[in-house]
């Protein structure tokens, strides 16, 4: 996923050079300018899947596993 962010940051920098301001880049993606700035300068990874889709990033999938009283993984009863 880190490579995705590096590629995106390069695209954002190029778009910023073309459009002139982070505000305009934010309008282009319909995402707050501070989020885009943080991606470029703080290596921030957006957690919101809607924003990730707008930026062309892969979706974050969370998988939960049940544990028993001893903290071991428990089988699903179904």
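The values are calculated or read from the model by the stated rules, or taken from the named source; none is laboratory data. Bear in mind that the values here come from a model prediction, so they are computed numbers and not experimental data. Methodologically, a virtual Cβ is constructed for each residue, glycine included, from the backbone with ideal geometry; neighbour enumeration extends over all protein chains shown.
Descriptive notes on the structure:
- Within the set 15, 55, 19, the sole residue that is under 13 Å from the mean Cα position of the chain (by Cα) and modelled with pLDDT of 90 or more turns out to be 55.
- Boolean, residue 75 is outside any helix (DSSP H, G or I), loosely packed, with under 11 Cβ neighbours inside 10 Å and within 14 Å of the chain's Cα centre (by Cα): no
- The listed residues are 5, 57, and the only one of them that is part of a loop (DSSP other than H, G, I, E, B), in contact with a helix residue (DSSP H, G or I) (Cβ under 9 Å, 6 or more places away or on another chain) and surrounded by 12 or more Cβ atoms within 10 Å (Cβ to Cβ) turns out to be 57.
- The residue list 39, 62, 27, 31 contains one member that is surrounded by 10 or more Cβ atoms within 10 Å (Cβ to Cβ) and out of contact with any helix residue (DSSP H, G or I) (no Cβ under 7 Å at 6 or more places or on another chain), which is 27.
- Residue 24 being closer than 15 Å to residue 6 by Cα and assigned to a helix (DSSP H, G or I): no
- Inter-residue pairs, beta-carbon under 7 Å, first more than 17 Å from residue 42 (Cβ to Cβ) and in region 4-19, second surrounded by 12 or more Cβ atoms within 10 Å (Cβ to Cβ), 6+ apart: 15/25; 15/28; 19/25; 19/28
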